[in-house]
Amino acid sequence: MNTTVPDGVGEEGSLRVRAVHAGYGSVRAVRGVSLDIQPGEIVAVLGPNGAGKSTLLKVISGEIRMTSGDVRFSGTSLKGRRPDEILRLGVSHVLEGRQVFARMTVRENLELGGFSRRDRGWTDDIELMCTEFPILGQRARQLAGTLSGGEQQMLAVARGLMARPRLLLLDEPSLGLSPLLVDAVAGIVQRLKTDFGTSCLLVEQNTTVALDVASRFYVLANGEICHQASTKSPDAMSILRDSYLGYVNR
């Protein structure tokens, strides 16, 4: 099923990745990848370990330079832009591994999340995040490194939202969490659109979570998109099974 959105449709707040190549030295981790996200949409990128998923997010956020191709957000090319420029354009990246500033308090982490903003509303948003994620309000003066894994993940997402992004790049939010905390994080992702009006490109190994929260998914294998479909498609699980097995058997 081809679910690619045509160029020029829903330009404001949309993401268009076109024929992107990127890698590390002579290793090509992403090979000719193209995908689309509409404003307010949650889209998942799935695939085996080493398929290039995290690299793709880093290309979009400017952490890794693409060697060819283009990424456009709201019609503006992100190619060659620094991560801070891309953040100011409305794209926030929550990296894999719950990367919080361990020796800073929860509140200080949130303050850093709003640092790039030019408006003064970010101070009010700290209270908003503590309301949306009550445990963060309770732990506001606590060092981030002393939080549980699930609490650190909530903090990482909340810090990303402090920039008031129109697009959140979310890398493996359920990695290493207990089933109960996985459910809590999935709930956070589902609220991105309804509570914050934020689109999300979600990289996730937990396919059950991804299919529950996303409207569409792409499968990445060996750095290339091999399938894309609606998560509501009756063939979704068979597509994923065949894609993973096909990758393993190469």
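The values are calculated or read from the model by the stated rules, or taken from the named source; none is laboratory data. Predicted, not measured: the structure shown is a model, and the values here were computed from it. Cβ coordinates were reconstructed from backbone atoms using ideal geometry, including for glycine residues, and neighbour counts include every protein chain displayed. Quick note on the areas: whole protein, heavy atoms, side chains included, nothing else; ligands and nucleic acids left out. Shrake-Rupley method; radii C 1.70, N 1.55, O 1.52, S 1.80 Å.
Observations, loosely collected:
- The one condition from (1) of a type outside the set (S, T, N, Q); (2) modelled with pLDDT of 95 or more; (3) farther than 16 Å from residue 93 by Cβ; (4) under 14 Å from the mean Cα position of the chain (by Cα) that residue 40 does not meet is (2).
- Considering residues of segment 24-37 that are modelled with pLDDT of 95 or more and among the charged types (D, E, K, R) only, the residue surrounded by the fewest Cβ atoms within 10 Å (Cβ to Cβ): 31
- Going through (1) open to solvent by 50 Å² or more (accessible area, probe 1.4 Å); (2) outside any strand (DSSP E or B) one by one, residue 18 falls short only on (2).
- Residue 182 vs. criteria farther than 18 Å from residue 49 by Cα, open to solvent by less than 30 Å² (accessible area, probe 1.4 Å) and either modelled with pLDDT under 85 or touching a Leu at 6+ places or on another chain (Cβ under 8 Å) (or both): yes
- Those residues of segment 75-122 which are in contact with a helix residue (DSSP H, G or I) (Cβ under 7 Å, 6 or more places away or on another chain), part of a loop (DSSP other than H, G, I, E, B) and touching a residue at least 40 places away in the same chain (Cβ under 8 Å), in sequence order: 96, 98, 99, 100, 101, 102, 103, 104, 114, 116
- Test result for residue 190, surrounded by fewer than 22 Cβ atoms within 10 Å (Cβ to Cβ) and not in a helix (DSSP H, G or I): no
- Annotation: residue 117 fulfils all but one of (1) buried (at least 16 other Cβ atoms within 10 Å of the Cβ); (2) under 18 Å from the mean Cα position of the chain (by Cα); (3) of a type in the set (D, E, K, R); (4) over 27 Å from residue 221 (Cβ atoms); the unmet one is (2).
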